[in-house]
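Please read the structure below before turning to the comments.
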Amino acid sequence: MKATLISYTSNGLSKTESSKLSKALVGYTDKSNRAMYYYKRKGLVTNTKNIIICRSAFIVPKNMAKDIISFIKERGAKALSWDLEISQKYFKD
């Protein structure tokens, strides 16, 4: 399966903007009622098949890569990408 490795850096962004970008991409766990309830909030990357390497690097199918890279660049962060060939069994739904 054709895939793309995307890595981004949020240097130059404020801590708030960097956190918002990370949450929008990878998602986060929301706690409510004094941490009695937990909700998994999905991000742009977690809505598709993916391999999350760390919070700022992930592998996504090639057809999604262009949208994700443009999303990162719209928010003022820098993104790098590499095309790869990887077996579909490694992707997490």
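Miscellaneous remarks
- Ranking A79, N63, A35 by how far each Cα lies toward the positive end of the dipole of the chain (charges on Cβ) leaves A35 at the top.
- Share of carbon and sulfur in the accessible area of the chain stands at 51%, probe radius 1.4 Å.
- For the chain, the convex hull spanned by the alpha carbon atoms encloses 95 Å³ per residue.
- Inter-part distance where region 52-74 and region 1-51 are each reduced to a Cα centre, Å: 11
- Using θ = phi - 60° and Karplus 6.51 cos²θ - 1.76 cosθ + 1.60, couplings along region 40-55 (whole Hz; Gly, Pro as x): 8, 9, 7, x, 4, 6, 6, 7, 10, 5, 7, 10, 8, 7, 8, 5
- Sites K2 and K89, calculated FRET efficiency, Cβ-Cβ separation with R0 22 Å, nearest 0.05: 0.90
- The long axis of helix 15-26 is offset from the longest Cα principal axis of the chain by roughly 60 degrees.
- Solvent exposure of region 1-49, expressed per residue, is 68 Å² of accessible area, with all protein chains present and a 1.4 angstrom probe.
- Most mobile listed residue (D67, D30, D83) in the chain, GNM with C-alpha springs under 10 Å: D30
- Dipole check for region 8-81: with +1 at the C-beta of Lys and Arg, -1 at the C-beta of Asp and Glu, and the Cα centre as origin, the magnitude is about 140 Debye.
- Taking Cα atoms only, the orientation of helix 62-74 departs from the longest principal axis of the chain by about 50 degrees.
- Probe 1.4 Å - accessible area at M1, Å² to nearest ten: 70
The values are calculated or read from the model by the stated rules, or taken from the named source; none is laboratory data. These figures come from a predicted structure and were not determined experimentally. With ideal geometry, Cβ positions are generated from the backbone for all residues, glycine too; neighbour counts draw on all protein chains shown. We work out accessible area using only protein heavy atoms, side chains counted, and drop any ligands, DNA or RNA first. Shrake-Rupley method; radii C 1.70, N 1.55, O 1.52, S 1.80 Å.
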